[in-house]
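K.L.:
Sharing a structure here in structure tokens format.
Any read-out appearing in this document is the output of simple, stated calculations on the displayed coordinates, not a laboratory observation. This structure is a prediction, so every number in the text was calculated from the model and none was measured. Glycine also receives a Cβ, built like all others from the backbone with ideal geometry; neighbour counts cover every protein chain displayed.
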Amino acid sequence: LAALAIRLFLLHVPEIEVKTIMAGAGPSDWYSAMLSIALGIVVASTTKAIMVFPTMQNLRGQRAAISDLWRVVPFLPAIVAAGVILSVPSFVSPIVQKLFPGNFVVIGVTGLVVAIGTLIIILMWLIYAPTIAVEKGGVRQGLSRSRYLLNGQWWRVFGLLVIHSVALIAIVLVA
């Protein structure tokens, strides 16, 4: 259980850092906040990519080795590119805040639309990294395959995301 908690925490460390950075970002450091978001996306995608092959070995009942970490290197650019596509909504809120400073209605409505859109995108493309790496495909094939595999399972995936988020919040609060 502790290993699972550590894995969950490591998967979301970049997201937590990005949210912390954005909370304190003023107009002068807006560009550094955008750079931090981009860097967080790359780090999160790389982390997901590195964990794919050892996890697959474990699921197959085989022992995972350190060498399994390097098997993902050929697929790393595709996984990072898919992570960037998946994270496009992350850039919308800061851009809207920059374009409409002080207009809370526009910012609020945009935030709601982005939140709903992000949830839909996450539910469709949650397993993009394993589909790209294990099936040895590209960005488009990985995103399409992820959508196909999760089709009809959105409520189950949503439930798992809720459990995951509650566990992550519990870990952060305890730490």
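K.L.:
May I ask you to list the chymotrypsin sites (Phe, Trp or Tyr not before Pro) in segment 53-145 that are in a DSSP loop and have at most 12 other Cβ atoms within 10 Å of their Cβ? List each step's numbers first, then the result.
P.N.:
Numbers: sites: Trp70, Phe75, Phe91, Phe104, Trp125, Tyr128; in loops: none.
Sparse-neighbourhood loop chymotrypsin sites (Phe, Trp or Tyr not before Pro): none present.
K.L.:
Just going by the charge dipole of segment 28-175, with Lys and Arg at +1 and Asp and Glu at -1 on Cβ, which of Ser90, Leu150, Thr118 is farthest out on the positive end?
P.N.:
Among Ser90, Leu150, Thr118, the one farthest towards the positive end of the dipole of segment 28-175 is Leu150.
K.L.:
Calculate, axis by axis, the spread of Cα positions in segment 29-175 along the three principal axes, and write the results as whole Å, longest axis first.
P.N.:
55, 37, 32
K.L.:
Continuing with this model, one more query. Take peptides 31-38, 95-102 and line them up by average Cβ neighbours within 10 Å, highest first, as a rough protection proxy. It would help to have the intermediate numbers written out before the result.
P.N.:
On the way: 31-38: 15.8, 95-102: 12.9.
Result, highest mean Cβ count within 10 Å first: 31-38, 95-102.
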